[in-house]
1. Can you tell me which residue among 82, 65, 164 is without any contact (Cβ under 8 Å) to a residue 24 or more places away in the chain and not charged (D, E, K, R)?
2. Could you tell me whether any residue of the range 62-78 is assigned by TED's automatic domain parsing to the domain that holds residue 156 and more than 26 Å from residue 135 (Cα to Cα)?
3. Checking residue 15 against (1) under 24 Å from residue 114 (Cβ atoms); (2) without any contact (Cβ under 8 Å) to a residue 12 or more places away in the chain, which test does it fail?
4. Answer with yes or no whether residue 180 is in the same structural domain as residue 58 (by TED's automatic domain parsing) and in contact with a Leu (Cβ under 7 Å, 6 or more places away or on another chain).
5. Could you tell me whether residue 123 is free of Cβ contacts under 8 Å to residues at least 24 places away in the same chain, more than 16 Å from ligand 2 (Cβ to nearest atom) and touching an Asp or Glu at 6+ places or on another chain (Cβ under 9 Å)?
6. Please verify whether residue 37 is free of Cβ contacts under 8 Å to residues at least 60 places away in the same chain and buried (at least 18 other Cβ atoms within 10 Å of the Cβ), treating the condition exactly as stated.
7. Has the range 79-100 got at least one residue that is of a type outside the set (D, E, K, R), closer than 21 Å to residue 14 by Cα and more than 12 Å from ligand 1 (Cβ to nearest atom)?
Amino acid sequence: MSKIKILDRSTIQKIAAGEIIERPSSVVKELIENSLDANAASITLEIRNGGKDYIRITDDGHGFNEDDLKIAFKRHTTSKLNNIDDIYKIISFGFRGEALASISSVSRVEVLTKTENALHGIRGYVENEEILEMMPIGCPKGTTMIVKDLFYNIPVRKSFLKSNTIEANYISDIICRLALGNEGISFKYIKDNKVIFNISKDNDLLTNIYILLGREFADNMVAISFESSNISVRGYVSKNTFYRSNRNHQYLYVNNRYVKNYDITKLIEEKYKSIIPINKFPVYVVFIDINPSLIDVNIHPTKQEIKFLNFQQVANALDKAIDQTFNRILSIPEISIGK
Ligand code: ADP
Ligand code: MG
């Protein structure tokens, strides 16, 4: 008798889902990114009990038509990628077509959606990649996803989740990152029936820094910007009188996607080396816009690291952006003696 067996479908689904959906904040990240990809101008997130019991995301994006909704929750279904070459020019957040499948394999999902031209909306219930029921309903254009009872069918996974407070903090970090990175879009965040923030699409970046990170940040950061033919850098960096004891407030966005890149971190921190105390870290919210073909998109969906194909070019642009501002704000007034 063979000791090697093919795993049953439900086990395969749960293992695959677990790679993408680790905790409630992963659901939030995937669903908000989908709303952004659907061209939403306004996104509302509501969570209860750290997102373990209830997560709702409502957007005013393009919605699903009936045929798309029928297959959207299957694994590897996407509207964003046609073939492997597309991966190297991708500008949307998603492209693997796995998020909805994964979420529906480990929770109970309700979806309400309507496209611009549809006569009515659709309400559907989804479990294990299958739409169980679809009914016509009246609703505005856009999509609402309600995710209940995360990991109800994987008790071990559920028991590994942290307290409601800690899980809610992970979610707050995610929505803060996404809201900071997407000016021009309204974000509303409701936690346990309390509105945490309500960001207007008309806000500029500094106003969003004020709302999301606090007054101390907004008051102590200075604008940077630099533009050349194929790269642009903009954002805010902290003054030399404002620093933190960790790197939690270093936000880097490449083509509007929140990413980590150690070379950039090092480059920026180097600028502060002699002007802030040792073991302290600058704060920054920096946007780099670059032709997508000049970055190496990491095709693993949960990883945030990216590589620049020509780092020196990025380094030069960032160098100039920061130096221009520093030369202005750090310039020591000249003392003229006896002229
Ligand atoms: P991916 O984002 O990688 O394409 P997902 O499983 O996250 O895969 O979503 C599958 C498809 O469902 C998307 O490609 C998109 O066409 C559609 N979709 C998902 N979320 C929304 C939304 N909020 N509004 C409209 N369409 C959506
Ligand atoms: Mg997606």
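The values are calculated or read from the model by the stated rules, or taken from the named source; none is laboratory data. Bear in mind that the values here come from a model prediction, so they are computed numbers and not experimental data. Cβ atoms come from the backbone with ideal geometry, glycine included; neighbour counts cover every protein chain shown.
1. Numbers: 65 fails: without any contact (Cβ under 8 Å) to a residue 24 or more places away in the chain; 164 fails: without any contact (Cβ under 8 Å) to a residue 24 or more places away in the chain.
Unique residue meeting the criteria: 82.
2. Scanning the range 62-78, I find no residue that is assigned by TED's automatic domain parsing to the domain that holds residue 156 and more than 26 Å from residue 135 (Cα to Cα), so the answer is no.
3. Here residue 15 meets the rest and fails (1).
4. Answer is yes for this residue.
5. So residue 123 fits the description; yes.
6. Working: free of Cβ contacts under 8 Å to residues at least 60 places away in the same chain: yes; buried (at least 18 other Cβ atoms within 10 Å of the Cβ): yes.
Yes.
7. No, there is no match, as no residue in the range 79-100 is of a type outside the set (D, E, K, R), closer than 21 Å to residue 14 by Cα and more than 12 Å from ligand 1 (Cβ to nearest atom).
Okay, residues lined up against (1) closer than 26 Å to residue 132 by Cα; (2) in the same structural domain as residue 115 (by TED's automatic domain parsing); (3) among the aromatic types (Phe, Trp, Tyr); (4) within 13 Å of ligand 2 (Cβ to nearest atom):
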{"position": "3", "(1), (2), (3), (4)": "no, no, no, no"}
{"position": "21", "(1), (2), (3), (4)": "yes, yes, no, yes"}
{"position": "27", "(1), (2), (3), (4)": "yes, yes, no, yes"}
{"position": "33", "(1), (2), (3), (4)": "yes, yes, no, yes"}
{"position": "38", "(1), (2), (3), (4)": "yes, yes, no, yes"}
{"position": "45", "(1), (2), (3), (4)": "yes, yes, no, no"}
{"position": "55", "(1), (2), (3), (4)": "yes, yes, no, no"}
{"position": "99", "(1), (2), (3), (4)": "yes, yes, no, yes"}
